[in-house]
1. When the helices in the chain are scored as -39500 (n - 2.57) per DSSP H run of 4 or longer and the sum is shared across all residues, what 222 nm value do you end up with, to the nearest 500 deg cm²/dmol?
2. Can you give me the C-alpha center-to-center distance between region 171-195 and region 24-67, rounded to a whole angstrom?
3. Expected output is a single nm value to one decimal: the length gained when fully extending between Asp40 and Ala27, i.e. 0.36 nm times separation in residues minus the C-alpha distance. What is it?
4. Counting pairs of alpha carbon atoms under 8 Å apart in space and at least six apart in sequence, what relative contact order in percent does the chain give?
5. Counting residues in the chain as N, plug N into 2.2 N^0.38 Å and put the Cα Rg over that result.
6. Give the span of region 16-140's Cα atoms along each principal axis, as three whole-Å numbers ordered largest to smallest.
7. If you build the convex hull over the alpha carbons only and average its shadow over all orientations, what do you get for region 90-210? Give it in nm² to one decimal.
8. Out of the total accessible area of the chain (probe 1.4 Å, heavy atoms of protein only), what percent is carbon and sulfur?
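The values are calculated or read from the model by the stated rules, or taken from the named source; none is laboratory data. Just so we're clear, the structure is a prediction, and the values are computed from it rather than from any experiment. Cβ atoms come from the backbone with ideal geometry, glycine included; neighbour counts cover every protein chain shown. All accessible areas refer to the heavy atoms of the entire protein, side chains included, with ligands and DNA or RNA removed. Shrake-Rupley method; radii C 1.70, N 1.55, O 1.52, S 1.80 Å.
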Amino acid sequence: AALIGWRTPGGLFDTDTAWRDFDFLTALLTTLRAGVMGSDPEAPTMLNFFTDLHPNFAALLGQPTWQEAVRRWRGLVDIVGFDTYPNYYQAGPVDGGIVGAKAREIRSLACAGQPVVVVETGYPNLPSQRGFSPARQAEYYREAWQSARCAQVDGFLPFDLSAGADQHFSATDLARLETAGAALADGDIAALLGLYRDHAAWVTDRMPVL
């Protein structure tokens, strides 16, 4: 029962949810680790840190930055995992090098000798209408893999290499996506809140699947 009801967010900016309570999350992770260790003391544990949230949005939500979360939770896991999608909303410039940069930053924050794993990273190969392509996806993965190797990560898991059917989006969708992508990258709270205020249903239901 603790994981439903009040624990379940109903919208992008909901505040009445325990998933925004860092102390609750810390207690939950501590309990999960104790459960794993109690069942199999040799079983390694890993947590995937989402590293694409601009610090401005972490502050808005009353949360530590992802860097601070790594520092606080590193003792609760054996392996520090992370994901990053630098080109999720913007096709260019292709920025696979950020994977290695974040891996090095995480290694500096983790416990000495703690393994660091790229749990998720990727680049959309469509829609072509927004400048995405299989060729650019390949360029991204080459850059991401090389930068991760140079950072001496302990694992690298690319996410979604499949090529689906290209899609056509309306001019409205494209304009809103440009606004959202720029706001998320720049930490522009006013722009993102404005988009949510004016188009709440689109942000909640449409934007995540584009």
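1. Per the formula, -13000 deg cm²/dmol.
2. Rounded to whole Å, the Cα centres lie 28 Å apart.
3. 2.7 nm
4. Value for the chain: 17 percent.
5. The reported ratio for this selection is 1.10.
6. Projected onto its principal axes, the Cα set of region 16-140 covers 50, 36, 25 Å.
7. 8.6 nm²
8. Carbon-and-sulfur percentage of accessible area, whole number: 58.
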